[in-house]
Amino acid sequence: MTTHSRIGVTMLTHNRRHEVLHSLRQLTALAERPAIALVDNASTDGTAEAVAAEFPAVAIIRSERNLGAAGRNLGLRHLQTPYVAMCDDDTWWDPSGLARAADLFDAHPQLALVTARVLVGPEETIDPTCLLMHRSPLPMQPGMPGQPILGFLAGASVVRRDVFLQCGGFSERLFLGGEEQWVAVELAARGWWMCYVPQLVVHHHPSPCREVSRRRWHEVRNALWFAWMRRPVQSAFRRTAELAYQRPAGDFARGAAAALVGLPRMLGQRRIVPPAIEAALRRLETCEANRKVGWAERSESHHAPESPASAIPLATSASDRL
């Protein structure tokens, strides 16, 4: 099979016409010539019309309302390639990355998802989340093509399409903020591999158009839902306390209030993750806590600056960057 028949690309956008056009210019110039499906999450700035005029070969899927991350499911369902690369309106894949990703999936039948190394801005600095994934303490299984992970960056990942959709894709209820972890534990519980592969590269030029405040309390709400729906009670209590300590008081209060409103309905679907997945989550959380302590000690003794990665839990992604 040719590369373009094996892998397609879905892009998610909402009111970022300038960024969409720039990113599509990079994607349509790739030698792989992938099929591209743009999911327009109810934009009102003429995004769909501008894309149709400049890129007639790009499939445009218009949602009547903003579905958040769940909009990606529409693009995945539209594309019929066995593998699908996801990106956001301000990210694009490096040349040869899609072909290499498709080869990895061909060679590893247990592989469900790979996340690429993300280079940020014109300076191409590596995203701190990638540094965390590179140092993941999870043990590698024989034959894995990269470091095993239990979280990923949605805007910089390639998935095995059918497997991803069979797991339910992204939940509309979560909107945006930590939605990747829910998918990751579902894939892991079913025995699928997820790997960070730094040889794959995604470029990210962050858009100035972002709802930072809303995203922060969404992350708190979704993290609390995950803790109480998927974790044992002891872990749920501990995770709640950690979030209360780590997050700004206003963000935690708003996120906790939203979580409480939806929790009764959510608890009816409570499914605790398998013991092996819970152990992996605990291992990731312990590793992150130890890393923070180490940075604090070095900061006190050597006046070293705080690691920018230390604020990002390894078990989840920092998808608000994308």
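Before moving on, here are some points about what is shown:
- Evaluated with a Cβ-only charge set (Lys, Arg +1; Asp, Glu -1), segment 127-226 carries a dipole of roughly 120 debye about its Cα centre, given to the nearest 20.
- All-pairs alpha carbon distance profile, the chain, 20 Å steps from 0, percent: 33, 59, 8
- Extension gain from Ala50 to Glu211, taking 0.36 nm per residue of separation minus the Cα-Cα distance: 55.6 nm
- Given charges at Cβ of Lys, Arg, Asp, Glu: the chain dipole, positive-most of Leu98, Gln110, Ile7: Gln110
- Taking a Cβ cut-off of under 12 Å around Ala85, the surrounding Lys, Arg, Asp and Glu residues balance to a net charge of +2, with basic ones at +1 and acidic ones at -1.
- Under a Gaussian network description of the chain, with springs only between Cα atoms under 10 Å, the residue in Ala259, Ala116, Ala57 that fluctuates furthest is Ala57.
- Count Lys and Arg as plus one, Asp and Glu as minus one, and take only other residues whose Cβ is under 15 Å from that of Leu38; the net charge is then -2.
- Segment Arg282-Ala257, length gained on full extension (0.36 nm per residue, minus Cα span): 6.4 nm
- Packing-based exposure ordering (other Cβ within 10 Å, fewest first) of Trp182, Trp192: Trp192, Trp182
- Fluctuation leader among Gly46, Gly155, Gly255 - the chain, Gaussian network, Cα springs under 10 angstrom: Gly46
- Estimated at 0.36 nm per residue, the fully extended path between Arg33 and Leu267 surpasses their Cα-Cα distance by 79.8 nm.
- Its Cα gyration tensor gives segment 1-83 an equivalent ellipsoid; the semi-axes, largest first and in whole Å, are 21, 15, 9.
- Net charge of neighbours whose Cβ lies under 11 Å from the Cβ of His18, counting Lys and Arg as +1 and Asp and Glu as -1: -2
- Here Ala244 and Ala57 are evaluated by their C-beta separation; at R0 = 51 Å the FRET efficiency comes out at 0.55.
Every number in this text was worked out from the coordinates using simple rules, so none of it is lab data. No experiment lies behind these values; they were computed from the predicted model shown. Backbone-built Cβ (ideal geometry, glycine too); neighbour counts: all protein chains shown.
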